[in-house]
Amino acid sequence: MSSLFAKKRVTGALAELGGLTLLAKEAASSLFKWRVAWRDLLYQIFSIGVKSQSVVLITGAFTGMVLAAQTYLQFHKFKMDTATLAVVSVAMCSELGPVLTALMVAGRVGAAIAAEIGTMRVTEQIDCSALTRRIRGPTC
């Protein structure tokens, strides 16, 4: 009985290893192909970039307003009210802006991609082995 269980485990592990090997081969071969799917590229640029602008703008605006209010309250104690604009603009443009943009875009896009894959899984459009083929084109 345990021999049969061990055989199934080894067979399953080897099948997974074979699948990973095929995925690595396809990924490596796609690096040397210069074919670009322009329609898919433009769709991804739109869904990642354009659709994320509102989230990034709202997050940046509210973070900037809070930073300006807190900076003004602290600078007002030392009669440095005029330095608020310089400090907030440097902090938002060079330090906080890129970090907040990266976090908001990564969070929104990651959630959208996970939801799309989850929906495809529920509606049985994909199975585990066909997930990588979805990137190249329709499989069903």
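Counting residues in region 67-86 that are in a helix (DSSP H, G or I), β-branched (Val, Ile, Thr) and closer than 25 Å to Arg108 by Cβ gives zero. When Ala83 is tested against (1) closer than 30 Å to Ile113 by Cβ; (2) surrounded by 12 or more Cβ atoms within 10 Å (Cβ to Cβ), only condition (1) is not met.
Yes or no, residue by residue, for (1) hydrophobic (A, V, I, L, M, F, W, C); (2) modelled with pLDDT of 90 or more:
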residue	(1), (2)
Ala68	yes, yes
His76	no, yes
Lys79	no, yes
Ala114	yes, no
Cys128	yes, no
Thr132	no, no
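Taking Lys7 as the residue in question, decide whether it is more than 22 Å from Ile113 (Cα to Cα), assigned to a helix (DSSP H, G or I) and charged (D, E, K, R). Spelling it out, Lys7 is indeed more than 22 Å from Ile113 (Cα to Cα), assigned to a helix (DSSP H, G or I) and charged (D, E, K, R). When region 21-49 is filtered for residues that are surrounded by 10 or more Cβ atoms within 10 Å (Cβ to Cβ), of a type outside the set (Ser, Thr, Tyr) and farther than 30 Å from Leu103 by Cβ, the ones remaining, listed by number, are Leu22, Ala24, Lys25, Glu26.
Looking across region 1-59 at every residue that is in contact with a helix residue (DSSP H, G or I) (Cβ under 6 Å, 6 or more places away or on another chain) and closer than 18 Å to Ala111 by Cα, the one that is modelled with the lowest pLDDT is identified as Ile48.
The values are calculated or read from the model by the stated rules, or taken from the named source; none is laboratory data. This is a predicted model, so every value here is computed, not measured. Neighbour counts run over all protein chains shown; Cβ positions are idealised from the backbone, glycine included.
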